[in-house]
Amino acid sequence: MNENLKLLNSHASVRNFTDKEISIEDEMKIVTTAQRSGTSSNRQAYSIIGIRNKKKKEILAELTGGQQHVIDSSLFLVFCADLYRLEQINEKKKYETHSDYTELFIIATVDAALVAERAMITAQALGMGGVMVGGIRNNPDKVSEMLDLPKLVYPVMGMSLGYPSKEPKLKPRLHIDAIYHK
């Protein structure tokens, strides 16, 4: 099997990590590779926040429903839909921003999700593992306040990253007929 397909098909969530820290160099490889992900109309309507501070990870763990892996991760990333930057650019160019338009919120949310998936694949390619954390949306106001997010920016998902303490097990998937239709 092609090595790229092998990597893609070997993904499993990792919630248990060693104490080995992710280097700043590898952190930037993850972020810059994720940045190359496709986005709607090249708006790049997302932002990524990297968190290593243990106290902040403890607060986020509580806000996400008591998920210990958030604390134990070497690096916790928060992927945000970001329409604030677009609004700022439009104001400078004297363009009208339609931030009340639902489509823009969908675009920003999808952009953040696409970038998050690329970050996870990159981390996995570098020998790391992780898990997506949808619980970041359990308390969006508190998370936004803690991260000092401006208006029109909201957390879409978190991601705990680190080096796996054991080989993760693949979870079964639905039969292809259940998800693919012609």
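Summary table below
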| item | result |
| --- | --- |
| Every pair of residues 6+ apart whose Cβ atoms lie under 8 Å, when the first sits in region 136-154 and is more than 16 Å from Gln67 (Cα to Cα) while the second is surrounded by 14 or more Cβ atoms within 10 Å (Cβ to Cβ) and among the acidic types (Asp, Glu) | Leu152/Asp82; Leu152/Glu87; Val153/Asp82 |
| Residues within region 37-67 that are assigned to a helix (DSSP H, G or I), over 25 Å from Ser165 (Cβ atoms) and touching a residue at least 24 places away in the same chain (Cβ under 8 Å), tallied | 2 |
| Qualifying position, being β-branched (Val, Ile, Thr) and surrounded by fewer than 19 Cβ atoms within 10 Å (Cβ to Cβ), among Ile22, Ile49 | Ile49 |
| Pairs where the first residue, in region 90-109, is farther than 16 Å from Cys80 by Cα and the second is modelled with pLDDT under 85 and not in a helix (DSSP H, G or I), C-beta under 9 Å, 6+ apart | Asn90/Glu96; Asn90/Thr97; Glu91/Thr97 |
| Residue in region 100-135 that is farthest from Phe17 (Cα to Cα), counting only those that are loosely packed, with under 15 Cβ neighbours inside 10 Å and small (Gly, Ala, Ser) | Gly134 |
| Qualifying residue in region 112-131 (condition: of a type in the set (Gly, Ala, Ser) and over 30 Å from Val14 (Cβ atoms)) | no |
| Criterion violated by Leu86 - all others in (1) modelled with pLDDT of 95 or more; (2) more than 17 Å from Phe17 (Cβ to Cβ); (3) of a type in the set (A, V, I, L, M) satisfied | (1) |
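The values are calculated or read from the model by the stated rules, or taken from the named source; none is laboratory data. Just so we're clear, the structure is a prediction, and the values are computed from it rather than from any experiment. With ideal geometry, Cβ positions are generated from the backbone for all residues, glycine too; neighbour counts draw on all protein chains shown.
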